[in-house]
Structure formats: C-alpha cells, structure tokens
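Notes to accompany the following structure.
The values are calculated or read from the model by the stated rules, or taken from the named source; none is laboratory data. This one's a predicted model, so the numbers in the text were calculated from it and none came from an experiment. Heads up, the Cβs are rebuilt from the backbone with ideal geometry, glycines too, and the neighbour counts pull from every protein chain shown. Just so you know, the surface numbers come from the protein's heavy atoms only, side chains and all, with ligands and any DNA or RNA stripped out. Shrake-Rupley method; radii C 1.70, N 1.55, O 1.52, S 1.80 Å.
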Amino acid sequence: MRRLLLLILALHCSAQAAPAPGIDLTATPAWKGWSRPGRATEVDIRLRTEAAMPATVEVTAGRHIIRTEVDLQPGRSVRLQLPVSSAEDVSVSVGVPAGTLTKRDVGIAHSESPLLGSGLVSGDPVQLEGFHTVALTADDLPRHPSAYSSIDALILDGPTLRALDQRQLGALLAYISACGRVALVNTDARTGQLLDSVRGCSGQSLPSAASLAEATDLLKSSLHARLPKPLTFADIDGSVRTVPPLLNRVAVALALYFAAAVLVLIFTTHAAVLLLVPALSAVAALALLHTMQPPAQLVIWSEGSSGIPLARYQAWQQFAGVQRVRMRVPIPPQLAAEAMPCKPTPAMHIDFDAGRAEPAFAEFDTRLFHRVSLCYSGSFPVSRAVSIETRADGARIVRNSGVKAWPEGALLVGGLVHHLPALEPGAAATLAAKSGQAPGDATHRMAMMRTQVDGAAALWTLELGGVAGVPVDSKGWLLVSVPAP
Amino acid sequence: MTPAPSRRLAAVTGLALAAAVSLWWLGSTRLAVDDGSDASRIADEALQLAWLVRGMALAAIGIHMGALQGFRSGAGDALGLIAPSWPLVAIAWTASTVSWAPMALAELALLAAGVALPLIGRGLHRALQRRELAGMMAMLLGAVLLAALWLSRSLGYLSLT
C-alpha cells in the first residue's frame, strides 16, 4: 500500500514537473524587414511542436493586435502569413492552453528613402538614384497585396518569378493591376503575358527588358510617368456620413428634454419633481443610446482600364459609436483579403481566420460620435471595354466593345460629364457635341480628378447587392479609363 | 424673494446653462466631425464646462440664498440649479474619455456644495444677526469662492480627465 502511494505521488510529481511542450517559433518579416513609416507589411510565421495542441498566435504591431487560432500537430510545421501595419515595435507571441507563452520580436526597419526591391537570382547589385535597394529572394515576397505598400518599385527576373507560389503570384498580380512599378528582367513569354494581362495604367508601370541595365533604365524613365496616387480616407471622407444623423438625433433628444423641463417648471417648483425629471431624463437618454443601432457605412472606389479584366479597388468602412462599449464587427468576406485599420489609432484587435487566410472580425472600443474605420483594397474581375470615336461634327460615338452589357453611367471626356446609356455588347450610342455638363457632385469631381486631362473615362455605380455583409448604407463606383478619342 | 419664484429662477438658470453648454458641445462636435478630428476631446471639455459653470453659479449664489432664505429653501434652489444638466452630462459622458468615477465624484461634489453653501449662509446669518450684513458677506464669500474655482480650473486642479 505504501509503495502504491509512493508510486502515485511520484507519478503526480512527475506530471507536475513535466515541462510544457516547447514551441519552435520563427517570425520573418517580408521585404527582409524593410518598410516605410505608415505602410503595411507582412510577417511570415512558422510554428512547430512535438505535441498536439491548439495555440493562439498574436501579432502586436503598434496599437493593433492580429489574433488567430491554429491547431498544432506533432512534427508538422504550421506556416501562416499575417498582414500588419509597419510599426517599429512588432512582436509575435504564441500562447497554448498549458499557459506557456513564446514570444519573438520582429525587427522592421523604416526607410526614409523610397524602397526598391530587387529579386534577382544573379544577385547583381541594382542602383536607382534616390532609392534604397533591398536584395530579395522569392521567399521574401509577401502573400498579401497590402504588404506591397512597403515598397515603391520592384525589379524581378524570370527565375524569381517562377519560384513564387500561388499566393505570392496573386499578390504580385494585384500590385501590378494597382499600377505598382515592376520592371521585369528576362522573363519568359508566358509569364510576361500573364503579368501584362492585368497591368494597370496602360502598362506604364510594367516595363520589361532583356538585361538588368535596360530594365533599370526603363524603370528610371517610368518614374517620370504620372501614375494615379492611391486615394486616402480624407479624399473620400465627404462621402461618408455616419455621425451627422446621429448628432441630429442627440440634438433633438436634448431639445425635447429642455422643452419638457420648461413645461414642468410652469406647473410646479416642487424640489422632488425638479430632481426627478432630470434624473429620469438622464436614464432615458442613456437607454435611448443603448437601443440605437450603431450606424455603419461602406464606400468603395474602384478603377480599371478599358479591356483589362481586373479593376483595383479601395474601400472604407466606417463605424460610428453610440455608446461606450467594446464593438465587435464582422469584416465582409469579399473585402476581407486586404482589411487593415485605416489609422494607427485606436487600439484594435483583428481576428484572423487562419483557414481562409483572411481577417474575420475587428474589435475596438468606441464612444458616442467616435468613428472607427477599416480600409480595404484589392482587385476584382471586371469586363468593361469602351471605345470612343469622335465624328467630324464633334459628336462622339461610344461603343460597348466588350462581351458583357453595361448599365447606365456617365462618360467623362473633355472636362464634361455626359450621360452614358446602358449598352448591349457591340451596341453604340451617339453623344452630341454639346451634351455634356460640368461635374455637379463630389463623385463626378473626384472621377474627373482621377481622369487624365487628355483622356476619357466611364463611371458606373457599383451594384453591391452581391457583396455579403455590407452595411445597408453603402455605395460604390467603378471608373474605367478609356484611351483618348 | 419667495421660495417658489426663486426656485423657478434657479431652475431656469440651470436649464439655460445646460442649454448653452449643449449648444456649444453639439456645434463644436459637428465642426470636429466635418474636420475629421476627435470628437471625444470636445465631449471632455463639455463635461468640464458643465461642471464649472454650475460650480461657479453655485459659488456665486449658494451662500447668499442660504443667508437670505434659510437652509431648506437655499438647498432646494441649489439643487434646482444643478440637476437640469444631468441628461447633458450623461450623454456627453458617453462621448467622452472621462471615466465614470471622476464624473460621479464631480456631480456628488456639486450636490454636496449645493447643501453645504446654503448651510454656511444660514450660519452667517445667525452669527451676524443682521440680514443685510449677512447678505453682503455672503456675496463677498461667493465672489471669493468663484475666483478660487476659476483659479483652480486655470491651474489645472479641476481636470476630470
């Protein structure tokens, strides 16, 4: 009996003393750890353990925390890439139910000069005046298009391109379709065709050459081409109106209270009533705020080129708080691929779905009238091909030269906005010479600003019915640039 | 002044102060929202302002009311001055970064002052035995209190955040 008790005690002690299974954690930033202040980057995380267990991975970048759950299996390596803002203090921590926490700091170096990524198997040095060059291998390229905002130009050769995995290639294509500057060196025809099929900005940002010296020269001369700048939240802010209706409701509620209080004062000055009316009104005001649905709005601005099958988009989702509460909001799955907080503040937790490799929820503290925004970007397939001919009398013939019908929209040409009728494939419409009007609203003005002076563009309202999980009060536009008539 | 009209006047004053602060707060918030700046700072300031204007009004008239009308009537008037701002304070708090404890303490301090100042006024009346003299002394004390309050605020001692 004594031996049995000793054995049980020994087993108990050994169970207590057994160390928690160790986790082998490596965290590598994209672009060899280089980025620029205020941009986004990516952290490549590799986990390995000798025991099966669930684990929580948290990446802290400034005031943002990206959190995801993973299932670790013995002997199997788990790899995931998380997009993060390029804060100087980025760390990765892995927690397991046993309570052990493994932490690694990730060094992000901020470059003051524009960054040039050089992915050349030969390792030849690349110099571009004013740029800081970072030598890269294929594995240093990110899987999330948002991480491409860290760099300003890229030189890639054929072997590096061929070594990219599916997700890296997808991110690169999205970068190219968003007019990202990429010079190709000695690429095979098939890869060149693939990249060329999605090029934005009429290919000005995608020079291709047979030698490094030629590619560098082409890249240098492409820097003189004016590419459309990404929109900022400030550019679009005028279209987002979540707080003013809330402000009006609070103003009306306060006005009603003051009117009621004056009415009460006319009839009585009893101390209990004078205390009770404001006290009950304060409780009612808090209850009213509690019952109000927090307003949210999504604005999508997308741009493409006529005949190019991809359009790039930027979207802003704004949430206005109605009370002091921690808000947890789902991220629309179709926009989730590149979801990031728009600003370094407020503190935000993002739940990342490791299975879908996309953010799923955002969590943040909010207050009445406090606006928190999420920014989305990416690309979507589009089929709009527009051709314009100008007749001798000045009238313009607009033809749908694509394979799909388009709805009614607006045609921006010569500084004027024309009504663009819905057209079936192959159909044409004639716009009279003097049928245009000066841009009347903010959307048309913005579209005009994004259209080349000597060019034309077609603007359509996006039908957002097919986008799951978007707020009711959402709007979107597609601007397709058309070669000058 | 008889209790009912003075109480009505105090309550109307309290309402007017609350309405003025509300107007300033909502107007400034609208400007901040249009400007893209943080509206919670305006709410913080509105809470400070609502507290300060009521505190100053109370300092100015609390002792005087107690000296001239007695403790019960004076305290009733003081509460009539403080209470009308409560709905504004509740809404502005939800928009602010002020935590609930300092805000609740500030309101309790106002209520305590609303009771204490008329009591001091009543004591002054008893000590001096002359209504006019007590009234004058109460006015003087009120002015000193008001100045002290303003000075404390200027020196940052009365910050809610």
Which condition does B:Gln129 not pass, out of (1) in contact with a helix residue (DSSP H, G or I) (Cβ under 7 Å, 6 or more places away or on another chain); (2) exposed (fewer than 14 other Cβ atoms within 10 Å of the Cβ); (3) of a type outside the set (Val, Ile, Thr), if it passes all the others? (1)
Of all residues in region A:243-253 being in contact (Cβ under 8 Å) with a residue 12 or more places away in the chain and within 10 Å of chain B (Cβ to nearest Cβ), the one that is surrounded by the fewest Cβ atoms within 10 Å (Cβ to Cβ): A:Ala253
Against the definition (in contact with a helix residue (DSSP H, G or I) (Cβ under 9 Å, 6 or more places away or on another chain), hydroxyl-bearing (Ser, Thr, Tyr) and crowded, with 24+ Cβ neighbours inside 10 Å), how does B:Ser73 come out, yes or no? no
If you take the residues in region B:24-50 that are open to solvent by 70 Å² or more (accessible area, probe 1.4 Å) and more than 9 Å from every other protein chain (Cβ to nearest Cβ), which one is farthest from B:Ala78 (Cα to Cα)? B:Asp35
Could you say whether any residue in region B:140-158 is closer than 14 Å to B:Arg54 by Cα, open to solvent by 70 Å² or more (accessible area, probe 1.4 Å) and not hydrophobic (A, V, I, L, M, F, W, C)? yes
When you go through (1) open to solvent by less than 10 Å² (accessible area, probe 1.4 Å); (2) not assigned by TED's automatic domain parsing to the domain that holds A:Asp217 one by one for A:Pro142, which number turns out not to apply? (2)
Based on this model, can you work out whether A:Leu275 counts as surrounded by fewer than 21 Cβ atoms within 10 Å (Cβ to Cβ) and either under 16 Å from B:Val12 (Cβ atoms) or more than 9 Å from chain B (Cβ to nearest Cβ) (or both)? yes
What do you reckon, is A:Ala296 more than 11 Å from chain B (Cβ to nearest Cβ), of a type in the set (Gly, Ala, Ser) and open to solvent by less than 10 Å² (accessible area, probe 1.4 Å)? no
Top-ranked residue in region B:92-132 [being in contact with a Leu (Cβ under 9 Å, 6 or more places away or on another chain) and farther than 21 Å from B:Gln48 by Cβ; ranked as nearest to the other protein chains (Cβ to nearest Cβ)]: B:Val115
All but one of (1) outside any strand (DSSP E or B); (2) in contact (Cβ under 8 Å) with a residue 40 or more places away in the chain hold for A:Trp477; state the number of the condition that does not hold. (1)
Could we say that B:Ile63 is more than 14 Å from chain A (Cβ to nearest Cβ) and open to solvent by less than 10 Å² (accessible area, probe 1.4 Å) here? yes
Go through (1) modelled with pLDDT of 85 or more; (2) open to solvent by 70 Å² or more (accessible area, probe 1.4 Å) one by one and return the number of the condition A:Ala55 breaks. (2)
Just for region A:361-377: of the residues that are open to solvent by 20 Å² or more (accessible area, probe 1.4 Å) and away from chain B (no Cβ under 14 Å), which one is farthest from A:Thr461 (Cα to Cα)? A:Glu363
Pairs, please: C-beta under 6 Å, at least 6 apart or cross-chain, first residue under 13 Å from A:Ala447 (Cα atoms) and in region A:411-427, second modelled with pLDDT of 90 or more and open to solvent by 50 Å² or more (accessible area, probe 1.4 Å)? none
Quick check on this structure: which one of A:Gly415, A:Gly394, A:Gly409 is within 20 Å of A:Val453 (Cβ to Cβ), open to solvent by less than 30 Å² (accessible area, probe 1.4 Å), of a type in the set (Gly, Ala, Ser) and assigned by TED's automatic domain parsing to the domain that holds A:Glu303? A:Gly394
